[in-house]
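Reviewing the structure listed below.
The values are calculated or read from the model by the stated rules, or taken from the named source; none is laboratory data. Here the structure is a predicted model, which means the values were calculated and not measured. Reconstructed Cβ throughout: ideal geometry from the backbone, glycine too, with neighbour counts over all protein chains shown.
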Amino acid sequence: MRTLDDLVTEGVAGRTVLVRSDLNVPLDGERITDDGRIRASVPTIERLRDAGARVVVMAHLGRPKPDQDNAKYSLAPVATRLGELLGTEVALAEHGDSAQQAVAGLSDGGVVLLENVRFDPRETSKDAAEREAFAGELAALAGENGAFVSDGFGVVHRKQASVYDLAGALPAYAGGLVLSEVEVLRTLTGDPERPYAVVLGGSKVSDKLAVIEALLPTVDALLVGGGMCFTFLAAQGYGVGSSLLESEQVGNCRKLLETGKIVLPSDVVVADAFSADANTRTVPVDEIADGWLGLDIGPESVRVFAETLEGAKTIFWNGPMGVFEMAPFAEGTRGVAQAIVDATSKGAFSVVGGGDSAAAVRELGIAEDGFSHISTGGGASLEFLEGATLPGVAVLEEDS
């Protein structure tokens, strides 16, 4: 595929370059609670600015719906933060005439951010003609000598107008972030150094079933925590009280356990309510009482998980071990994250698979440079490891 290096070598001074970034950050009102994805987008944008390009950044935020008040999905807070990180004003432009005027007013090295591309329902349409029409309007902003840089790895698993169809409307290039993500994940799916350990958490087995099935033949150990562990525990015959349980997945979990590679918690932190103020206790997994729900793995489980990770040479982690946003249920995630950092310091190659895992690293104050790589794409990372075709990557390879 053609890369950002190729584009810069061709020359971009005075040219308008559309950059699809992933700026889908969590907000508390208008306050950005985790700007990791914005920071990850900066190097590609700065590279283009330094080369004299006129940069038009495209991104989405959340899942706005037609005919509703979608003000909470505005990228206005993102434009402000992006400007702070770039050290320049980044105007936010509404689609249509405002966007055309903003782009026309750009000078070399200038940056404008288009308002949430999902405000236009054609962005996510299943109708290819509708998506192509929207992509054509976006491409028109770049003019005859424009280019497209795909740098939002967190969305490359989506066949959407600004991700997929735009690559057919303009000369398309892979940004630095997309290239680095693909390179890292190919390391995991190629011939990773062993022992290879995978840590999976999160809420539901159904969300991770495909990646578990894809990974089990290739890994040496698969450690399971988070809400999804209770369906596995139920498959072993344990009562799980009021913990999250996908009863329809118990049979699948029982079959997966037959591989002998899955490591489950031996103790859990339970509570009598889903609340930071709930009564809590730590119990073995065979002593979860009725009416109590598991919200974190316990200290003995952390110790066992850490022992498994200590000797690993390759580690992939996706999904928290508990409800880390609440202090009483954060220690499992903290402990496992620290165990991965410790293994990395001893030479392991570690990858944090984006999403809530990356958010947990930052929220719990764990040094990001303690890991070999923190991905920006949770869903995209998992689909890559499943062996699925990522439309936003495949189209760049076709265009090369």
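Couple of notes before you dig in:
- Whichever residue in region 354-379 is among the aliphatic types (A, V, I, L, M) and at pLDDT 90 or above and, among such residues, is nearest to residue 177 (Cα to Cα): 374
- Single match in 75, 23, 18, 61 (criterion: under 21 Å from residue 391 (Cα atoms) and either of a type in the set (D, E, K, R) or over 18 Å from the mean Cα position of the chain (by Cα) (or both)): 18
- Where a residue in region 260-280 is farther than 24 Å from residue 212 by Cα and its partner, wherever it lies, is charged (D, E, K, R) and surrounded by 18 or more Cβ atoms within 10 Å (Cβ to Cβ), with Cβ under 7 Å and at least six apart: 269/296
- Among the residues of region 204-242, those that are at pLDDT 95 or above, surrounded by fewer than 20 Cβ atoms within 10 Å (Cβ to Cβ) and among the hydroxyl-bearing types (Ser, Thr, Tyr) comprise 238, 242.
- Every test in (1) out of contact with any Gly (no Cβ under 9 Å at 6 or more places or on another chain); (2) at positive phi is passed by residue 310 save one, and that test is (2).
- For residue 240, the conditions (1) outside any helix (DSSP H, G or I); (2) in contact (Cβ under 8 Å) with a residue 40 or more places away in the chain; (3) within 17 Å of residue 320 (Cβ to Cβ) all hold with the exception of (3).
- Single condition residue 200 does not satisfy, out of (1) touching a Leu at 6+ places or on another chain (Cβ under 9 Å); (2) buried (at least 19 other Cβ atoms within 10 Å of the Cβ); (3) farther than 22 Å from residue 346 by Cα; (4) not β-branched (Val, Ile, Thr): (3)
- Residue list for region 103-136, restricted to those being in contact with a His (Cβ under 8 Å, 6 or more places away or on another chain) and among the acidic types (Asp, Glu): 115, 120, 123
- Residue within region 47-59 that is surrounded by fewer than 18 Cβ atoms within 10 Å (Cβ to Cβ), touching a strand residue (DSSP E or B) at 6+ places or on another chain (Cβ under 8 Å) and part of a loop (DSSP other than H, G, I, E, B) present: no
- Residue ranges of strands (runs of 3 or more DSSP E) in region 132-209 with at least 1 members within 16 Å of the chain's Cα centre (by Cα) and farther than 20 Å from residue 319 by Cα: 147-150
- Residue satisfying all of: in region 60-91; without any contact (Cβ under 8 Å) to a residue 40 or more places away in the chain and of a type in the set (Val, Ile, Thr); surrounded by the most Cβ atoms within 10 Å (Cβ to Cβ) among these: 90
- Among the candidates 261, 208, the residue that is more than 19 Å from residue 334 (Cβ to Cβ), among the charged types (D, E, K, R) and touching an Asp or Glu at 6+ places or on another chain (Cβ under 8 Å) is uniquely 261.
- Some residue of region 28-38 being over 22 Å from residue 166 (Cα atoms), of a type outside the set (Asp, Glu) and in a loop (DSSP other than H, G, I, E, B): yes
- With respect to the conditions (1) part of a loop (DSSP other than H, G, I, E, B); (2) in contact (Cβ under 8 Å) with a residue 60 or more places away in the chain; (3) over 28 Å from residue 362 (Cα atoms); (4) in contact with a helix residue (DSSP H, G or I) (Cβ under 8 Å, 6 or more places away or on another chain), residue 24 lacks only one, and its number is (3).
- Looking across region 78-97, just one residue is assigned to a loop (DSSP other than H, G, I, E, B), small (Gly, Ala, Ser) and closer than 26 Å to residue 133 by Cα, and that is 96.
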